[in-house]
Amino acid sequence: MACKSTIERNNRIKKTVAKYAELRRQLKAKGDYAALARLPRNASPTRVRSLCALTGRSRGVYRKFKISRIMLRELALQGKIPGMRKSSW
């Protein structure tokens, strides 16, 4: 399980990105990169980490399900993900 501080930091960054999204779009359209550079660092969408919704794990997270590979496998084996089953050939 990830630290609560990591999850909270990521949520704070998401709020900052949402706050400055329109301003960033306008500045990029104008080509005013000097003003864009003066915005807070956390206003950039690339600063947001994709964390597992269940465990907070930051690595091996599937975008489609928003959960890590480990939780995906566990849930699939339990039959909790519709249409997904263990393959064998």
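Pairs K28/K64; K30/K66; K14/K80; K14/K66; K4/K66; K64/K86: which are spaced more than 27 Å apart, C-alpha to C-alpha?
Values: K28/K64 29 Å; K30/K66 34 Å; K14/K80 29 Å; K14/K66 15 Å; K4/K66 18 Å; K64/K86 18 Å.
Long pairs (Cα-Cα over 27 Å): K28/K64; K30/K66; K14/K80.
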Degrees between helix 4-30 axis and first principal axis of the chain (Cα, 0 to 90, nearest 10): 50
Using the Cα centre of the chain as the reference point, and only Cβ charges (+1 on K/R, -1 on D/E), how large is the resulting charge dipole? Debye, rounded to the nearest 20. 60
I'd like the orientation of helix 69-78 relative to the chain: the angle between its Cα long axis and the longest Cα principal axis, in ° from 0 to 90, rounded to 10. 40
Just the number please: accessible area per residue for the chain, 1.4 Å probe, all protein chains included, in Å². 83
GNM, the chain, Cα, under 10 Å: largest mean-square fluctuation among Y20, Y62, Y33? Y33
Can you give me the % of accessible surface on the chain that is carbon or sulfur? Probe 1.4 Å, all protein chains present, nothing else counted. 52
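The values are calculated or read from the model by the stated rules, or taken from the named source; none is laboratory data. Only a predicted model underlies this, so the values are computations on that prediction, with no experimental measurement involved. Because the Cβ atoms are built from the backbone with ideal geometry, glycine has one as well, and the counts that use them run over all protein chains shown. To get the accessible areas, we keep the full protein, side chains included, count just its heavy atoms, and leave off ligands, DNA and RNA. Shrake-Rupley method; radii C 1.70, N 1.55, O 1.52, S 1.80 Å.
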